[in-house]
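Before any comments, here is the structure.
The values are calculated or read from the model by the stated rules, or taken from the named source; none is laboratory data. As the structure is a prediction and not an experimental result, all values here were calculated from the model. Note that each Cβ is placed from the backbone with ideal geometry, even for glycine, and that neighbours are counted across all protein chains shown. With ligands, DNA and RNA removed, areas are computed over all heavy atoms of the protein, side chains included. Shrake-Rupley method; radii C 1.70, N 1.55, O 1.52, S 1.80 Å.
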Amino acid sequence: MRIVIVGAGVAGCIMARTLSQLPGADVFCLERVARDDHSESGTGLNIGPNAVQALQAHDPALADAVTNSSFPWRTWKISLTDGTKLFDLPITAVANNEGWRIRWSELYRVLRKEAPIVSYDCTITAAGRSAHDPAKTFIEWTQGGARKRLDDIDLLIAADGRYSQLRRIFSGEPAIRHVGVAISRLLVPDTSGGLIDDYEQWFNGPNRLLAFRVPPDHVYAACSFPIAPDLPIADHLKSPEALRAAYTPANGLLTKQTRWLIDTVCAHADDMHWARLQEHEALYADPASNVLYLGDAAHGMVPTLGQGATQAIEDASFAGSLIASAWAEGIRDPRKWLRSIATRADRMRFVMQFSLEATDTMLAGADPVAGTLHKTEPDFVAKLDRLYRDVPGNAAPPNDHGLSAGTLNA
Ligand SMILES: Cc1cc2nc3c(=O)[nH]c(=O)nc-3n(C[C@H](O)[C@H](O)[C@H](O)COP(=O)(O)OP(=O)(O)OC[C@H]3O[C@@H](n4cnc5c(N)ncnc54)[C@H](O)[C@@H]3O)c2cc1C
């Protein structure tokens, strides 16, 4: 059986490592960037406890390698920028374990080191269904000036991220929905003198700052504010003066912590990359051929609950363990695997909807105090518990109906 993975990011590396261990399988992983090129991942990630649980169940050695390069994510605090405290949640009150705080580039480094089959510097030039068997696919690419092609692919895995070329080719461009929030991220050496450590958010009206420390000694910060959903982010809103005004309360009172953060954000205002919060519909499998979408290629969600990389890890842990156990049982039909993996769409719709719901305090006109207090109420806490604990894992091989997957509740 021939399996091709496109993209050696979060989901692609986990799949490459798992599937390369299937006895007798012919597995390739094609990555666009050069080895050690982390230029597109210069930021920090907070990875949810649900991803830690999923990867620990699927591939404990890989989970340990990530743990060794991370700080634990133990608490989630929310305050106003004037220091008024609103919310202080120990993660293990709603999860079976802590999450991770890690540099994105470091996560790639660890995952790519453990996925030795990756071919770097590959530019995909064409992909499509085979003429003689539409369930199978082909792919063409160039690498180091040479043109290459693979035919008769039994399973093509699109793990090529947010603007997935493969999803466009096989299933069309997903419709994007903007929610009306501008966001910018920054990774700087930690000069806070201990003011910034675990995951915290600070509001001034709906304008939100977020920061946490990542190894070895950096602070990741993000700033956001509402904008009209259908308009680009106006340049004047990104200036240091506008940012300082956005996060400083009317009485001018800041804490040492928020003063350091605002000064730091303003000092780097010219280098920050801005984006608009957006989401797109989840799709795991192309119905017409054996193409599997994972991670951002499968779904786009707003980043409010830090579930992008988290869900890429959940996806790959689920799909990887399902295919590995099916393989061990002698089930070699990719259609059955795809039907089982596609059952994740229900969980994904919950994660996307909940991420959107949690964005309420960041929208125009939002009251961060009322919105944050809602996050302490039983219905929100129950959803957090479901998000962080109800992790599909230890997937059983697909049965004749293509259904599978026990739910891990360690
Ligand atoms: C600034 C920022 C901050 C974020 N913060 C968080 C956070 O705190 N927590 C969190 O959980 N998530 C966060 N995310 C989201 C998270 O980074 C993504 O959801 C996650 O990386 C998705 O993993 P993936 O495997 O689907 O894709 P990626 O990790 O994006 O990997 C895709 C891979 O495919 C490669 N590729 C792309 N196109 C091609 C092609 N045509 N051919 C070959 N290879 C290709 C890319 O080079 C890349 O290596 C953040 C995202 C951004 C942009």
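Ignoring the sites themselves, what is the longest stretch of the chain with no GluC sites (Glu not before Pro) in a DSSP loop and at most 14 other beta-carbon atoms within 10 Å? Mind showing how you got there, number by number?
On the way: sites that count: GLU40, GLU329.
Longest gap between qualifying sites, sites excluded: 41-328.
In the full protein context, the stretch 193-258 carries 43 Å² of accessible surface per residue, based on a 1.4 Å probe and ignoring ligands, DNA and RNA.
Phi-derived couplings, Karplus 6.51 cos²θ - 1.76 cosθ + 1.60 at θ = phi - 60°, listed residue by residue for the stretch 216-229: x, 7, 10, 10, 9, 10, 9, 10, 9, 7, x, 9, 5, x Hz, with x used for Gly and Pro.
Accessible area per residue for the stretch 1-130, computed on protein heavy atoms with a 1.4 Å probe, is 38 Å².
Where only protein heavy atoms count, and the probe is 1.4 Å, what is the accessible area per residue for the stretch 277-373 in Å²? Walk me through the numbers on the way to the answer.
Details: 2780 Å² over 97 residues.
Ligands and nucleic acids excluded, the figure is 29 Å² per residue.
Using the structure shown, select from LYS113/LYS238; LYS238/LYS383; LYS336/LYS383; LYS77/LYS383 the pairs with a Cα to Cα distance greater than 27 angstrom. Intermediate values should be presented prior to the final figure.
Working: LYS113/LYS238 37 Å; LYS238/LYS383 34 Å; LYS336/LYS383 31 Å; LYS77/LYS383 18 Å.
Correct reply: LYS113/LYS238; LYS238/LYS383; LYS336/LYS383.
Consider all pairwise Cα distances in the chain and report the whole-number % of them above 37 Å. Don't jump to the answer; show the numbers that get you there.
Values: 19134 of 83845 pairs.
Percent of Cα pairs beyond 37 Å in the chain: 23.
Rounded, prolate or oblate: which fits the stretch 95-160 when a ≥ b ≥ c are the square roots of the eigenvalues of the alpha-carbon gyration tensor, with rounded for a/c under 1.5 and prolate only if a/b beats b/c? Here the stretch 95-160 falls in the oblate category.
When the Cα positions of SER184, HIS58, ILE331 are compared along the charge dipole of the chain, ILE331 comes out farthest toward the positive end, with charges on each C-beta of Lys, Arg, Asp and Glu.
Taking each pair of different alpha-carbon atoms in the stretch 141-209 once, compute 1/r for the pair, average those values, and report the inverse of that mean as the Kirkwood hydrodynamic radius in Å to one decimal. So the Kirkwood estimate lands at 17.8 Å.
Per residue of the chain, the DSSP helices (runs of n ≥ 4 H) give a summed -39500 (n - 2.57) that works out to -9500 deg cm²/dmol at 222 nm.
Could you please state how large a percent of the accessible area of the stretch 90-151 is carbon and sulfur, counting protein chains only and using a 1.4 Å probe? Write down the numbers at each step before the final one.
Values: 1440 of 2960 Å².
Carbon and sulfur atoms account for 49 percent of the accessible area of the stretch 90-151.
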